[in-house]
Amino acid sequence: RARTLAATALGATPFVEEALRWLPEAVNEVPASEIIDTVVTPLPLTLRENGARARVLLADDNADMRDYVQRLLSAQYDVESVPDGARALRAARRHRPDLILADVMMPSLDGFGLLRELRNDPDLSQVPVVLLSARAGEEARVEGWGSGADDYLVKPFSARELLARVEAHLKLSKVRP
């Protein structure tokens, strides 16, 4: 049986925008959209039951990583980004997200501490959490899953992989009891 997979290609625009940041200001005045004309096939949009876009909370102390992930996801989802786990916990309690992406190593409250707090909170215990880390290998992944994370992504990850996993966890969360 033939399967049709949703395209997760973002085109070259995000990569060109990132490269332009490294060039002198004079070159950087031209928007990436004028440098490269790409056709983006969007992912299917995951909506809440009320028709609103799914809400993703991103916690990462690296401003460049927050900016990159926010740019990738904001076309499809409402994204709130914060620089540490303590702020992520406050943000989640203030407005429950549909998914949380959390760096493992952060000040104030690291990803594992955030995950522990979320799993102990009855209102947030079922929110899917994807840990992001530069630690690769089986041991790191097992530690992430063993701590209660729904997934573990190793940095640097591809845009396509991030988008596919976010979409998969949002869909899975709709069918969980």
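Please specify each residue of the range 76-103 satisfying the condition of being of a type in the set (A, V, I, L, M, F, W, C) and farther than 16 Å from residue 165 by Cβ.
Residues satisfying the conditions are 82, 86, 88, 89, 91, 92.
Count, please, the residues in the range 110-125 that happen to be within 17 Å of the chain's Cα centre (by Cα) and open to solvent by 10 Å² or more (accessible area, probe 1.4 Å).
Of the residues in the range 110-125, 2 are within 17 Å of the chain's Cα centre (by Cα) and open to solvent by 10 Å² or more (accessible area, probe 1.4 Å).
Please enumerate the residues belonging to the range 50-109 that are more than 21 Å from residue 123 (Cβ to Cβ), in contact (Cβ under 8 Å) with a residue 40 or more places away in the chain and within 14 Å of the chain's Cα centre (by Cα).
If the condition is that a residue be more than 21 Å from residue 123 (Cβ to Cβ), in contact (Cβ under 8 Å) with a residue 40 or more places away in the chain and within 14 Å of the chain's Cα centre (by Cα), then 60, 61, 62, 65, 68, 69, 71, 72, 73, 76, 103, 104 are the ones that fit.
In the range 51-92, what residues are at pLDDT below 95, within 24 Å of residue 171 (Cα to Cα) and small (Gly, Ala, Ser)?
51, 52, 54, 74, 75 - these are the residues of the range 51-92 that are at pLDDT below 95, within 24 Å of residue 171 (Cα to Cα) and small (Gly, Ala, Ser).
Going through the range 61-79 one residue at a time, which ones are charged (D, E, K, R) and open to solvent by less than 50 Å² (accessible area, probe 1.4 Å)?
Once the filter is applied, which keeps residues that are charged (D, E, K, R) and open to solvent by less than 50 Å² (accessible area, probe 1.4 Å), the range 61-79 yields only 66.
The values are calculated or read from the model by the stated rules, or taken from the named source; none is laboratory data. Computed from a predicted structure; not experimentally measured. Note: ideal-geometry Cβ built from the backbone for every residue, glycine included; neighbour counts use all protein chains shown. Accessible surface areas use protein heavy atoms only, side chains included; no ligands, DNA or RNA. Shrake-Rupley method; radii C 1.70, N 1.55, O 1.52, S 1.80 Å.
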